Amino acid sequence: MKKLHLLIFLVLPLFCFAQSTLKLKGKIASETAPLEWADISILNHEGKIIDGTTSKEDGCFEINLKNGSYKIGISLSGFADYEKEISLENDTDLGTIILKENETKLVEVVIQTKKKTIEQKTDRLVYNLENNVTTAGGDALSAINTAPGVVVKNDLITILGKGTSRVMIDGRLIELTGEELNNFLKSISAGDIKNIEIISNPPAKYEADGFGGLINIIMKKGVRDSWKNTTTASYDQNKYGIYTLRNNFFYNKNKFRFSASVNGKTGYKNADENLEMYFPDGLSNMASTTKVKNENLSGKLALDYDFSERTTFGFQILNDRNNPDFGSDIRIDKYNIQNELQNITLNKSFTDKGSKNQTYNAHLLTKLDSLDRKLSFDVDYFNYNSKFDRDFVANNYTPDMEFIDVNQAGRNISNQDIDNWSFKADIQHPFKAINLSYGAKMSFTNSVSDVLYYNTISGTPVLDPSQSNKFKYTENNQAIYINGDKKLNEKWNLQVGLRLENTQTNGFSETLNQENVNDYLKLFPTFYASYKRNENNTFSLNYGKRINRPRFDLLNPFRIYINSNSYSEGNPFLKPSFSDNFELAHSYKEVLRTSVFVNIIENGYGVIFTSNPETNTQIVTRENYFKGLNYGLGESYSASFGDWWQSENSVYFLGSETKFIKDINATPSNSMQIDFSTNNTFVLGKTTKLQMDFSYSTPVKSGLYEVGYASSFDIGFKQDLFNNKMQIALLANDIFNTSYLKDFVSVVNGVKQVYSQNESNRFVRLSVVYNFGNKKINVKERNFGNQEERKRTGN
């Protein structure tokens, strides 16, 4: 805390500096004529886009900027990209900038007539998704799933070989997870995304929590004095239907920027599960069919106002409601050791499930002086509330379906309420010798959760105190960081960072009268180096240390019943895990990309599926039980076979070594995994495209678990109408229904369990997108300062 107070004390006097606004203008043309709709981007010294516009009908453009050093980038389909370093001290006219037309070089098998789909940067991979048809009419989540080396499966977004990843929008973190994160991303139109950055080792500026790196969504930028409205309607057909209606409005004029969005979804999806448990006295086989309601309503308001030429103030409000009620029909067949059916249990249940969250953000950004020093403040309040209310009755029958008795009947109610305040300050402080950035953050979290269990076998609910509990949890975190980057020469770039995080936690179970307290201070270093050997070959090396904190709900020591013979219970003694992450990458002509990575995990925690042979019950627990080594080699290749066929291909070879640090009656096993994907875009006409994608992952063993193969074959079609104001898209997803979780095997205490889950991955989607207003949109997304805590609310 002393360091934090000192940092704020040093920062506040910098407000006395002033900075003037200057005009940067120019004209974009080919060798024969002016060029309209050229995309002009202004980047700061970190390589992040801070402003942008498009050229007018006569090729001219104009941008207002503060004095300082920038990089200007210009791109237009059919022309080579243009980049130039500029230093503004006065109003500047760049004159006429001539863009050179691209030529298709089939011998190099490189697409030259469009912006490269994948670009390798020093610390990240940039994916330009404009050519992928399957994202047409879709949302940010579906767009992320098409990014190279990224997989969206079972509500988790994963960078291959890294683990579950966090998501940013324009460099601002979103820290929701699971279904909550997915719903947020589904509220963002894929059509408003410029590109997606895959960052395997995040810089020190960002919270150190999470093993899986960062996915950064960059939104499109446009001219001032513009507005746009986009309405998207889609229908998904699987076993059931799901309707989605989304409307996004953006307005930008003079000093005022406003955006609003409303998103609604309703319908149902089907989920099938199967669990085989091989007990000493015979097999128990569970088959479950669940009808899940997809009901979501969310909205967002954002406003930014420029108080002066150097200071901007803004706020955001985000409200999200989900009501995924579901009913399940479960059948459990119990066999003896001679594999003869002994009895049948039928379990019928209904669950009233819901969640809601509200987030309020206020932010201040100011440019301090002519040295391009910038300061930003964020204040956030976040509230998350969830409920879970399940009624179930399980009856026993003979193999001839004659009623025997009631196996179990109950009502399981759980609620969780989380409040969080956070305060964050960031400084950009460039020097001649090095570009520095530093900052601080404080967050305060309170979580209250309760579990009530009623036995209803008699017909009258009777509270069972031994299975009921109230749990209170507080977590406070203080962090400071410093980061520096330096361009040594035309070939070498270096970047180093250090983040210090101090955390205090307190968990108290009222029922058990049990308190658990933690207090730890940790350093998290990062390092990046890139070497450009020549125009064709670029090498990069990076390292980062990370922490993985348990979600709040996993710390509650009491159980929640999944069904009558399966329950999950938290662990208040869970400790954070730590990882050291190394990666070496090479890019050849930005066509062939190679990466080699190693991740070392200490004190790893995860799910353990155990069982009770006496009651034939599955128990889901969490423990710090392993240390691990994950490693891999990734290759991706971009190819063009004529102007009508573009192909993006990748293959990853993944391996792991796991050792148990806890006495578990199980044997770790590990194997290699191969993950392959190919995305192919076919141009059928000026306004018509066809997309064909295929992916395949081999079976794999890792630690306690073995997982079966997964594959997906998708076909998409897009037609532009009315001068691109309307798009109609058709997507057939997972045509052969092979992308679901299958053959998930674990053996603990001598009991083998085999689990599969299929959640409506095969569907057909029809989407219609209509745009009106000014085509030159301006979409500036800012995320919330307390997203680190929101991620861990779980679902």
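The values are calculated or read from the model by the stated rules, or taken from the named source; none is laboratory data. Fair warning: this is a prediction, and the values are worked out from it, not measured in the lab. Counting neighbours? That spans all protein chains shown, and the Cβs are built from the backbone with ideal geometry, glycine included.
Could you grab me the full set of residues in the range 417-441 that are part of a strand (DSSP E or B) and charged (D, E, K, R)?
417, 419, 424, 426, 441, listed by residue number.
If I ask for residues that are outside any strand (DSSP E or B) and either surrounded by fewer than 16 Cβ atoms within 10 Å (Cβ to Cβ) or touching a Cys at 6+ places or on another chain (Cβ under 6 Å) (or both), which ones from the range 283-310 would you list?
307, 308, 309
Given the range 519-584, what strands (runs of 3 or more DSSP E) lie entirely inside it while holding 3 or more residues that are closer than 29 Å to residue 275 by Cβ?
559-563, 566-569
Is at least one residue of the range 557-580 buried (at least 17 other Cβ atoms within 10 Å of the Cβ), under 21 Å from residue 656 (Cα atoms) and among the hydrophobic types (A, V, I, L, M, F, W, C)?
Taking every residue of the range 557-580 in turn, at least one turns out to be buried (at least 17 other Cβ atoms within 10 Å of the Cβ), under 21 Å from residue 656 (Cα atoms) and among the hydrophobic types (A, V, I, L, M, F, W, C).
Find the residue count for the range 723-744, including only residues that are touching a Phe, Trp or Tyr at 6+ places or on another chain (Cβ under 9 Å), of a type in the set (Phe, Trp, Tyr) and not in a strand (DSSP E or B).
Residues meeting the conditions: 1.
Could you please let me know if residue 602 is assigned to a strand (DSSP E or B) and not basic (Lys, Arg)?
Here the answer is yes, as residue 602 does meet what is asked.
Residues 531, 454: which one is among the aromatic types (Phe, Trp, Tyr) and under 30 Å from the mean Cα position of the chain (by Cα)?
531
Might you let me know whether the range 657-667 holds any residue that is farther than 24 Å from residue 737 by Cα and among the aromatic types (Phe, Trp, Tyr)?
yes
If a residue must be surrounded by fewer than 20 Cβ atoms within 10 Å (Cβ to Cβ) and polar (S, T, N, Q), how many such residues does the range 252-282 contain?
5
Take the range 174-209 and flag every residue that is under 11 Å from the mean Cα position of the chain (by Cα), of a type outside the set (Val, Ile, Thr) and at pLDDT 70 or above.
181, 182, 184, 185
Which of the residues belonging to the range 31-51 are touching an Asp or Glu at 6+ places or on another chain (Cβ under 7 Å) and at pLDDT 80 or above?
34, 42
If only one of 460, 366 is among the hydroxyl-bearing types (Ser, Thr, Tyr) and assigned to a strand (DSSP E or B), which one is it?
Result of the check over 460, 366: 366.
Kindly check whether there is at least one residue in the range 457-480 that is among the acidic types (Asp, Glu) and surrounded by fewer than 18 Cβ atoms within 10 Å (Cβ to Cβ).
Scanning the range 457-480, I find at least one residue that is among the acidic types (Asp, Glu) and surrounded by fewer than 18 Cβ atoms within 10 Å (Cβ to Cβ), so the answer is yes.
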